[in-house]
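Note sheet for the following structure.
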Amino acid sequence: MNALRLRRDPLRLALSHQLRACLWYLLAYQVLGWVLAAVALAVAIAGTVFSFTLVGLPVLIAAAAVLRWCADVERARLRTVDTEPIAGRYREAAAPGVLAAVAARWKDPATWRDLAFLFGLFVPLVTLEFAVLAVWLVFLVGITLPAWYWAPWQSIHGTNFHGYELGVFPNGPHAHPAYGFYIDTLPKALIAAAIFLVLFLLFNYVVVATARLHAATVRAVLGAPTDPLDEAKGVLRRSGPLSGFMTRNTIPNGR
């Protein structure tokens, strides 16, 4: 099942497996992304430090293998939202020996693409997805305001005020200046909850779109490279409607 297809009905989307899969996909990256980025950085530094010695040759081979394993973890994670398989394409050593193995791995663009995704794209991806998850959670919590709006309180100039403030109220909810919406009654809490519900339903599409962006990045960077002319070459290889006519009417050489 592909969880990356957007549903048109916001209510069904909110209750669907699709949204849960996308949330889990983004949330897991908030933990696993840090681990993979740290491992990628560590093996890259170790390979660079030891590359100036003979001991560094097997270290470089091991570092490339670890990067490939980390990339495979991210490829496997893609199945959470998209069942279409994805695999990397790595070069094999052209000759036996340690030097040939090192050259094959570190001259392979796939190794550098692994490093680019695991470490280079980690910061923008994890930052974007953290922001999306945080906003989604705020909207979800806002729906529950009628159940707890009365619990928060603050003391201003010796007076206690109960309620939840959406904005800035330096002198209390009934004094000036005041900016925002102070929720201290049940009707106000119900109005705020309704607004949060609408925002929550609409923002679910942002969650799915963010998961789609992450998945598309995985496919573009960690997937096997494709020839952009493959489709055109396929058309040229297929026999067309005039192929039989051209074959029968081809003028032989020498005539």
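The values are calculated or read from the model by the stated rules, or taken from the named source; none is laboratory data. Because the structure is a prediction, the values reported are computed rather than measured. With ideal geometry, Cβ positions are generated from the backbone for all residues, glycine too; neighbour counts draw on all protein chains shown.
Could you tell me which of the residues Leu4, Leu19, Leu57 is modelled with pLDDT of 90 or more and hydrophobic (A, V, I, L, M, F, W, C)?
Details: Leu4 fails: modelled with pLDDT of 90 or more; Leu57 fails: modelled with pLDDT of 90 or more.
The conditions single out Leu19.
Are there any pairs, at least 6 apart or on different chains, whose C-beta atoms fall under 9 Å, with the first in region 29-45 and in the same structural domain as Gly56 (by TED's automatic domain parsing) and the second assigned to a helix (DSSP H, G or I) and of a type in the set (Asp, Glu), and if so, which?
Tyr29/Glu74; Tyr29/Glu129; Gln30/Glu129; Leu32/Glu74; Gly33/Glu74; Gly33/Glu129; Leu36/Glu74; Ala40/Asp114
Could you please find all residues in region 81-113 being surrounded by fewer than 17 Cβ atoms within 10 Å (Cβ to Cβ) and either not in a loop (DSSP other than H, G, I, E, B) or not assigned by TED's automatic domain parsing to the domain that holds Ile61 (or both)?
Passing the criteria: Val98, Leu99, Ala100, Ala103, Trp106, Pro109, Trp112.
Select from region 104-158 the residues that are aromatic (Phe, Trp, Tyr) and closer than 17 Å to Leu27 by Cα and write down the one among them that is farthest from the chain's Cα centre (by Cα). Walk me through it before giving the result.
Initial filter on region 104-158 (aromatic (Phe, Trp, Tyr)): 106, 112, 117, 119, 122, 130, 136, 139, 148-150, 153.
Now drop any that are not closer than 17 Å to Leu27 by Cα, which leaves 122, 130, 136, 139.
Values: Phe122: 9, Phe130: 10, Trp136: 16, Phe139: 21 Å.
Residue satisfying both the conditions and the ranking: Phe139.
For region 127-156, how many residues meet the condition of being over 16 Å from Ala193 (Cβ atoms) and at pLDDT below 95?
Number of matching residues: 4.
For region 55-71, state whether one or more residues are β-branched (Val, Ile, Thr), in contact (Cβ under 8 Å) with a residue 60 or more places away in the chain and either surrounded by fewer than 13 Cβ atoms within 10 Å (Cβ to Cβ) or on the phi < 0 side of the Ramachandran plot (or both). Walk me through it before giving the result.
We begin by selecting, within region 55-71, every residue β-branched (Val, Ile, Thr); these are 55, 59, 61, 66.
Subsequent filtering for residues that are in contact (Cβ under 8 Å) with a residue 60 or more places away in the chain retains none.
So far as region 55-71 goes, no, none of its residues is β-branched (Val, Ile, Thr), in contact (Cβ under 8 Å) with a residue 60 or more places away in the chain and either surrounded by fewer than 13 Cβ atoms within 10 Å (Cβ to Cβ) or on the phi < 0 side of the Ramachandran plot (or both).
Being outside any helix (DSSP H, G or I) and either in contact with a Gly (Cβ under 6 Å, 6 or more places away or on another chain) or buried (at least 16 other Cβ atoms within 10 Å of the Cβ) (or both) is the filter here; which residues of region 13-53 pass it?
The first filter runs over region 13-53 and keeps only residues outside any helix (DSSP H, G or I), leaving 15-16, 51-53.
Ser16 - this is the single residue of region 13-53 that is outside any helix (DSSP H, G or I) and either in contact with a Gly (Cβ under 6 Å, 6 or more places away or on another chain) or buried (at least 16 other Cβ atoms within 10 Å of the Cβ) (or both).
Go through region 185-195 residue by residue and tally those that are out of contact with any Leu (no Cβ under 7 Å at 6 or more places or on another chain) and crowded, with 17+ Cβ neighbours inside 10 Å. Full working, then the answer.
Going residue by residue through region 185-195, those that are out of contact with any Leu (no Cβ under 7 Å at 6 or more places or on another chain) are 185-188, 190-191, 194-195.
Still in the list and also crowded, with 17+ Cβ neighbours inside 10 Å: 188.
Looking only at that region, the number is 1.
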